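Data block below; observations after.
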Amino acid sequence: MKKDTIMVIGAGQMGSGIAQVSAQAGYNVYMYDVSPEQIEKGMKRISGQLFRQAEKGKLPHEDVKQIYQRLSPSAALDEAREAFLIIEAAVEQMDVKKDIFTRLDEVTEDSAILASNTSSLSITELAAVTKKPQNVIGMHFMNPVPVMQLVEVIRGLETSGETYETVVAAAERMNKVPIEVRDFPGFISNRILMPMINEAVFALYEGIAEKESIDGIMKLGMNHPMGPLALADLIGLDTCLYIMETLHEGFGDDKYRPCPLLKQYVSAGRLGKKTGRGFYTYEKQPT
Ligand SMILES: NC(=O)c1ccc[n+]([C@@H]2O[C@H](COP(=O)([O-])OP(=O)(O)OC[C@H]3O[C@@H](n4cnc5c(N)ncnc54)[C@H](O)[C@@H]3O)[C@@H](O)[C@H]2O)c1
């Protein structure tokens with residue numbers, strides 16, 4: 001196990017962003033995904049991002065290659081044994097994450113920290129599938145990872161102080177601001193954000209206003225940088241739906257009922273920006 005090596009599980013929009021900021025912080029990074037295409041897309045997304053940063057003068061050109069060389073695409077979860085910190089950013093489904101944590105528990109050393117970038121799922125429940133629940137923690141990055149400052153740090157019931165301190169130090173080394181919360185559905189960020197997005201979808205579903213009007217009202221009237229429907233497209237409508245389902249189930253309160261329109265779009269494969277169509281249509285898919 002190496003103190004300067006991180007493994008990121010999942011090479012989607014969040015996983016690739018986390019891998020990028022980890023490499024920029026000087027860590028060696030393995031980026032694993034079940035899908036080889038996603039790994040390839042993720043690596044391309046990172047190189048595109050780094051070059052854009054260099055062009056804007058935010059990163060010296062000579063650093064781009066060095067940072068990129070710290071990244072290794074990985075087709076084997078076993079390589080997690082080399083990492084002191086594993087950050088899981090696979091799809092927002094408890095069964096998928098439990099399976100990953102069970103396998104990680106087997107291949108990693110006793111002192112390795114297993115973090116999840118989950119948006120809403122219970123860290124305590126994930127930790128319970130491992131033999132080292134004291135090493136399991138939530139490390140919730142925001143989208144887009146290279147831009148957003150916050151990392152919500154979620155302590156499960158058994159998370160140790162040492163695990164917490166290590167993760168806070170890693171987040172700070174990535175130039176992020178960690179803020180601690182307790183382990184309840186949706187934590188703070190999505191307990192507040194996602195019902196607002198869901199309500200915007202209900203307003204559209206009920207025909208109260210056009211999508212552009214809903215987003216325009218929230219941008220111009222509330223000074224939000226983007227409207228809730230455009231934000232849902234950025235997050236991914238599948239992820240939004242999974243989070244609403246977690247809130248609904250976790251609190252048993254119908255105020256968190258996912259809007260039927262959100263469910264319908266997800267069933268249709270209209271997942272937002274990542275598939276080229278959600279509430280809006282995107283000509284160019286993000287690389
Ligand atoms: N999208 C956001 O704005 C946002 C923000 C914060 C946190 N998150 C959380 O980050 C996680 C990933 O979200 P995303 O937006 O990157 O999704 P995404 O759909 O872009 O990527 C998910 C990736 O997980 C991979 N995957 C699926 N099963 C896997 C497995 N068993 N092992 C390894 N990889 C697997 C998929 O191939 C895909 O590449 C979710 O838990 C989500 O809730 C998302």
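Number of residues in the range 54-75 that are within 15 Å of the ligand (Cβ to nearest atom) and modelled with pLDDT under 95: the value is 1. Scanning the range 130-147 for residues that are in contact with a Lys or Arg (Cβ under 6 Å, 6 or more places away or on another chain) and at negative phi turns up nothing. Only a single criterion out of (1) of a type outside the set (A, V, I, L, M); (2) near the ligand (Cβ under 10 Å from one of its atoms); (3) in a helix (DSSP H, G or I) is not satisfied by GLU92, namely (3). In the condition set (1) of a type outside the set (Val, Ile, Thr); (2) touching a residue at least 60 places away in the same chain (Cβ under 8 Å); (3) farther than 25 Å from ASP238 by Cβ, LYS131 is compliant with all but (2).
Considering ILE235, ILE154, ILE214, ILE197, the condition of being hydrophobic (A, V, I, L, M, F, W, C) and away from the ligand (no atom under 16 Å from the Cβ) is satisfied by ILE214 alone. In the range 92-114, the residues that are touching a residue at least 40 places away in the same chain (Cβ under 8 Å) and within 17 Å of MET139 (Cβ to Cβ) reach residues that are of a type in the set (Phe, Trp, Tyr) and part of a helix (DSSP H, G or I) with C-beta atoms within less than 7 angstrom, at least six apart or across chains, in these pairs: GLU92/TYR242. Screening GLY15, GLY26 for residues that are buried (at least 22 other Cβ atoms within 10 Å of the Cβ) and either within 22 Å of ALA170 (Cα to Cα) or touching a Gly at 6+ places or on another chain (Cβ under 9 Å) (or both) leaves exactly one candidate, GLY15.
One residue alone among ILE39, ILE87 is within 11 Å of the ligand (Cβ to nearest atom) and touching an Asp or Glu at 6+ places or on another chain (Cβ under 6 Å), and that residue is ILE39. For the range 14-31, the criterion of being free of Cβ contacts under 8 Å to residues at least 40 places away in the same chain, of a type outside the set (A, V, I, L, M) and outside any helix (DSSP H, G or I) is satisfied by no residue at all. Kindly indicate whether any position in the range 274-286 is at pLDDT 95 or above, charged (D, E, K, R) and over 19 Å from THR118 (Cβ atoms). Yes: one or more hits. Just one of (1) closer than 18 Å to THR159 by Cα; (2) touching a strand residue (DSSP E or B) at 6+ places or on another chain (Cβ under 8 Å) fails for LYS131. It is (2).
Comparison of LEU204, LEU234, LEU262, LEU241 shows that the only residue that is in contact with a strand residue (DSSP E or B) (Cβ under 7 Å, 6 or more places away or on another chain), at pLDDT 95 or above, in a helix (DSSP H, G or I) and not assigned by the TED database to the domain that holds LYS44 is LEU234. For LEU50, are the conditions met, namely being among the hydrophobic types (A, V, I, L, M, F, W, C), away from the ligand (no atom under 16 Å from the Cβ) and within 28 Å of LYS273 (Cα to Cα)? Here the answer is yes, as LEU50 does meet what is asked.
Each residue in the range 72-89 was checked for being in a strand (DSSP E or B) and within 25 Å of VAL168 (Cα to Cα), and 7 of them qualify.
The values are calculated or read from the model by the stated rules, or taken from the named source; none is laboratory data. Remember, it's a predicted structure, so these values are computed and weren't measured experimentally. Methodologically, a virtual Cβ is constructed for each residue, glycine included, from the backbone with ideal geometry; neighbour enumeration extends over all protein chains shown.
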